[in-house]
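*Asks:* I'd like to ask you about the structure that follows.
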Amino acid sequence: MANLSEHPENDPQYKGLFVNEGVSSPPIVNPYLQKRKQKQRFSPSEYTEQILKGNITVLSQAVTLVESQIAEHQVLAQEVIEKCLPYSGNSVRIGITGVPGAGKSTSIDAFGMHLLRDRGKKLAVLAIDPSSERSKGSILGDKTRMEEISREPDVFIRPSPSAGSLGGVARKTRETIILCEAAGFDTVFVETVGVGQSETAVHSMVDFFLLIQLAGTGDELQGIKRGIMEMADGIVVNKADGNNIEKAKLAASQYRNALHLFPLPPSGWSPQVMTYSGYYKNGIPEIWDMIYEYIAFTRENGFFNSRRNSQSKYWMYESINEQLKNHFYQSPEIEKELSVKEKQVLNSELSSFMAAKQMLDLYFRK
Ligand code: GDP
């Protein structure tokens, strides 16, 4: 018989389940490095001081706190926001929307370079992407899509916060605007996709809402876009280059006609329609002349401030709603009872209305 210690598989007792004792694996992260990586936390005053000096690294860290789900981070973030608030408000906030492929990132790159080079501005680019919750990572506000401006020191780019409901994500973006303004950014872009609810959220935090459209997509006069068109302060038809120039002009005149059917918005400003090429950088100064004309016009007639005031009011109620909802759904008693009620509703043992009432009675301990 062969030597069993060399060939254990020949042992009749051998079950094939023998596992060699391996060498214990070293920790994945160098323990010394781990110690060093522990982020230095500042006090709220220190954060604020650095943000006011325009320190972008600290600004990024503060935005991470705003986006964090950890309660302790949230408390700290709120203190920093509170301290930065008196230094905020001094920017022009612009919402930029358009369906995927409309050319948002190409345009933001071109707009950004124009603002930086020709108008001496400091730009922050933020984003609200409702799909990023599912996809865990946002394509909006992605630095790699904005090649030119991402290399500029006076530009702060932040992708969409990914966790939470649209309301929660939007609130975080709004708070980030405050921090960016305190850090001296005088122009803030908030990018979003022109599908779904996110435009309403963006509309409620910007001074000017720009809709990027394309020619020849067949939706020029369709009702689907009506809601978004009504929110727009300006519509710009992109890709007016090469063979597409005439089509873009035609689309622009169709948009102009469609806008005539809407009542004059409360700003008193008739939304303008223009064509341009984000890729070839044609027509961009004209778009910005128009935006600044709008800002001057609404500052003059008082709408600029009243829009910001009503937005602040809106966000106060949004914040209350969100926190009430979270408090309700996160209370353990409710969580347990909800699934019971859900089953009863599905089995038609209880009406939806009664189930909701009983849940709320339980919450309010009637
Ligand atoms: P987004 O999804 O809205 O951010 O769109 P992108 O900026 O990624 O652009 C989508 C595609 O359209 C890319 O292939 C761009 O190169 C192209 N594109 C963007 N702007 C223009 C333009 O002004 N003219 C032309 N011809 N193509 C453009």
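The values are calculated or read from the model by the stated rules, or taken from the named source; none is laboratory data. Keep in mind the model is a prediction, meaning the values are calculated, not measured. Backbone-built Cβ (ideal geometry, glycine too); neighbour counts: all protein chains shown. Just so you know, the surface numbers come from the protein's heavy atoms only, side chains and all, with ligands and any DNA or RNA stripped out. Shrake-Rupley method; radii C 1.70, N 1.55, O 1.52, S 1.80 Å.
*Asks:* Take N257 and tell me if it is open to solvent by 90 Å² or more (accessible area, probe 1.4 Å) and not in a loop (DSSP other than H, G, I, E, B).
*Replies:* Judged against the criteria, N257 is a match.
*Asks:* Considering only region 254-269, I want to know if a residue exists there that is away from the ligand (no atom under 12 Å from the Cβ), out of contact with any helix residue (DSSP H, G or I) (no Cβ under 7 Å at 6 or more places or on another chain) and either modelled with pLDDT of 95 or more or within 16 Å of I108 (Cα to Cα) (or both).
*Replies:* Taking every residue of region 254-269 in turn, none turns out to be away from the ligand (no atom under 12 Å from the Cβ), out of contact with any helix residue (DSSP H, G or I) (no Cβ under 7 Å at 6 or more places or on another chain) and either modelled with pLDDT of 95 or more or within 16 Å of I108 (Cα to Cα) (or both).
*Asks:* OK, next. State the number of residues belonging to region 219-244 that are at pLDDT below 75 and under 14 Å from G101 (Cβ atoms).
*Replies:* 1
*Asks:* From the residues in region 330-350 that are open to solvent by 80 Å² or more (accessible area, probe 1.4 Å) and within 34 Å of the chain's Cα centre (by Cα), which one is modelled with the highest pLDDT?
*Replies:* E342
*Asks:* Would you confirm whether any residue within region 262-281 is part of a helix (DSSP H, G or I) and free of Cβ contacts under 8 Å to residues at least 12 places away in the same chain?
*Replies:* No, that holds for no residue.
*Asks:* Next question, about the same structure. For region 42-92, what are the residues that are open to solvent by 80 Å² or more (accessible area, probe 1.4 Å), over 15 Å from E181 (Cβ atoms), touching a residue at least 24 places away in the same chain (Cβ under 8 Å) and touching a Phe, Trp or Tyr at 6+ places or on another chain (Cβ under 9 Å)?
*Replies:* Hit for region 42-92 is E79, nothing else.
*Asks:* In addition: Can you tell me which residue in region 94-115 is surrounded by the fewest Cβ atoms within 10 Å (Cβ to Cβ), limited to those that are within 11 Å of the ligand (Cβ to nearest atom) and assigned to a helix (DSSP H, G or I)?
*Replies:* T106
*Asks:* Starting from residues that are in contact (Cβ under 8 Å) with a residue 24 or more places away in the chain and of a type in the set (K, R), keep the ones in region 282-317 and report whichever is nearest to the ligand (Cβ to nearest atom).
*Replies:* The qualifying residue nearest to the ligand (Cβ to nearest atom) is R307.
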